[in-house]
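The values are calculated or read from the model by the stated rules, or taken from the named source; none is laboratory data. Just so it is clear, the model here is predicted, and its values are computed rather than measured. Neighbour counts are summed over all protein chains in view; Cβ atoms, including those assigned to glycine, are modelled from backbone coordinates with ideal geometry.
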Amino acid sequence: MSVIDLDRVGKKYWPGPIDALADISIDVRQGEILTLLGPSGCGKTTTLRLIAGFEAPDEGEIKILDNPVSGNGNWVPPEDRSVGMVFQDYALFPHLTVGENVMFGLHDRKDSKQRRKRAGEVLNLLDLDHHFERYPHELSGGQQQRVALARAIAPEPVVVLMDEPFSNLDAHLRNRVRDEVIKSLRTAGVTCVLVSHDQRDALAISDRVAVMNQGRIEQTGTPQDIYKHPTSIFVANFVGKTNLLQGLIQGIDGCVLTDFGSFCRVDRSGLTDGAPVMVAVRPEGFEPSDHGTLQGTIISTTYTGSNIEAEVKICTNSGGHRSLTVHLPTNQSYSSGDSIRLVLDSDYASVVRNSCETLGFTPPSPL
Ligand SMILES: Nc1ncnc2c1ncn2[C@@H]1O[C@H](COP(=O)(O)OP(=O)(O)OP(=O)(O)O)[C@@H](O)[C@H]1O
Ligand SMILES: [Mg+2]
């Protein structure tokens, strides 16, 4: 059963109108961590606010645990939706202690001993039990973040919504807090929808990612799907680095012929032979090999720790040149000016469509 179900949801803001969301369909499953990923203004916060009930949709329907909560004449107020929200700025009460902040959301539990017990359990889970009597200003940013999470999950909501939860943290603290928070969510089995504009966070922590652009969802999939097989130019460019190559569908066996050779086994559903398409190839899709058919010269190299990112000038089949971004292994040294041969790995290549349009592509001029 889906925990949250958004069915073709649209939202406008007035005056304007500003089209904030159009045709948003998301199905969040039990225990899943789903990230809404996209640039500023694409509608991520609006989507969370619609789920929480701080806004009402103009179109479509939202269900929580199969119960309609908004759309089609239904309306369940935020306090009755069993949704926990963690705001970007934590929004802790400064005059309440950590324990009191967490107990605040438990006002429907009449017995104060029970409230205290539940707050203690959740703070223990988040490794904060020894801070029960402290005030928020006496905690680090990461600890405040976890108190905000504790307050959201204490009432045992059906789902926790988190808006840019890690953006206020220092770079060195960020990954540790992120990993701790995600571990706590998984230990507690909490279903979570979180918002991020950072593709590394989204790929690292999510079961699935919904990539948004201008109020629409471009693609929903596992981090691997999104990275290795983007379906649109927007997703290919927004999530990691990519090389966009023009090509033509060739034959019936799923091959695309480009100026750099043929990529096979790409998803070409709905495309006819000879159709012009764009292929997005991740930097991992070119491997150095003495027998490689692509010949080029290294223009620049950047050591990233896990690989060497290189710009390589490649001779194309049509006699021209084109620069590609490729990832090279660190067990060999590469320098600017070196000649290199590369082979193609189709596993990192996919046919991409223009954003929000159908598959198939009119090539721009010239690449
Ligand atoms: N209360 C509001 N009134 C009018 N327009 C709004 C309101 N809230 C958001 N918008 C507009 O709706 C669109 C989506 O905004 P939203 O806050 O959902 O984006 P976002 O993806 O969360 O962006 P960010 O990453 O900057 O937080 C934007 O164009 C924004 O200007
Ligand atoms: Mg936002």
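Things worth noting here:
- Residues (farther than 23 Å from ASP108 by Cα and crowded, with 16+ Cβ neighbours inside 10 Å) located in the stretch 140-161: GLY142, GLN143, GLN144, GLN145
- Residues within the stretch 77-96 that are within 16 Å of ligand 2 (Cβ to nearest atom) and not aromatic (Phe, Trp, Tyr), tallied: 5
- Only a single item in (1) small (Gly, Ala, Ser); (2) at pLDDT below 90; (3) within 25 Å of the chain's Cα centre (by Cα) is not met by GLY274, and it is number (3).
- Residue pairs meeting the criteria (Cβ under 7 Å; at least 6 apart or on separate chains; first within 15 Å of ASN354 (Cα to Cα), in the stretch 267-285; second at pLDDT 90 or above and assigned to a loop (DSSP other than H, G, I, E, B)): ALA280/PRO230; ALA280/THR242
- Output for the stretch 42-76, where each listed residue is within 16 Å of ligand 2 (Cβ to nearest atom) and among the small types (Gly, Ala, Ser): GLY43, ALA52
- Matching residues, the stretch 10-38, being hydroxyl-bearing (Ser, Thr, Tyr) and buried (at least 19 other Cβ atoms within 10 Å of the Cβ): THR35
- Residue match in the stretch 87-102 (condition: away from ligand 1 (no atom under 15 Å from the Cβ), touching a residue at least 24 places away in the same chain (Cβ under 8 Å), surrounded by 17 or more Cβ atoms within 10 Å (Cβ to Cβ) and at positive phi): yes
- Scanning the stretch 19-36 for residues that are under 16 Å from the mean Cα position of the chain (by Cα) and within 12 Å of ligand 2 (Cβ to nearest atom) yields a single hit, LEU36.
- Filtered residues of the stretch 185-202 (kept if surrounded by fewer than 19 Cβ atoms within 10 Å (Cβ to Cβ) and assigned to a helix (DSSP H, G or I)): ARG186, THR187, ALA188, ARG200
- One residue from ASN72, ASN67 being away from ligand 1 (no atom under 13 Å from the Cβ), within 19 Å of VAL193 (Cα to Cα) and free of Cβ contacts under 8 Å to residues at least 12 places away in the same chain: ASN67
- Out of ASN175, ASN237, sole residue that is farther than 27 Å from GLU121 by Cβ, more than 16 Å from ligand 2 (Cβ to nearest atom) and surrounded by fewer than 18 Cβ atoms within 10 Å (Cβ to Cβ): ASN237
- Number of the condition not met by GLY296 [criteria: (1) surrounded by 19 or more Cβ atoms within 10 Å (Cβ to Cβ); (2) within 28 Å of the chain's Cα centre (by Cα); (3) over 16 Å from GLN199 (Cα atoms)]: (2)
- Exactly one residue out of SER167, SER140 is within 16 Å of ligand 2 (Cβ to nearest atom) and either at pLDDT below 95 or not assigned by TED's automatic domain parsing to the domain that holds GLY53 (or both), and it is SER167.
- Yes/no for GLY60 being surrounded by 15 or more Cβ atoms within 10 Å (Cβ to Cβ), at positive phi and not aromatic (Phe, Trp, Tyr): yes
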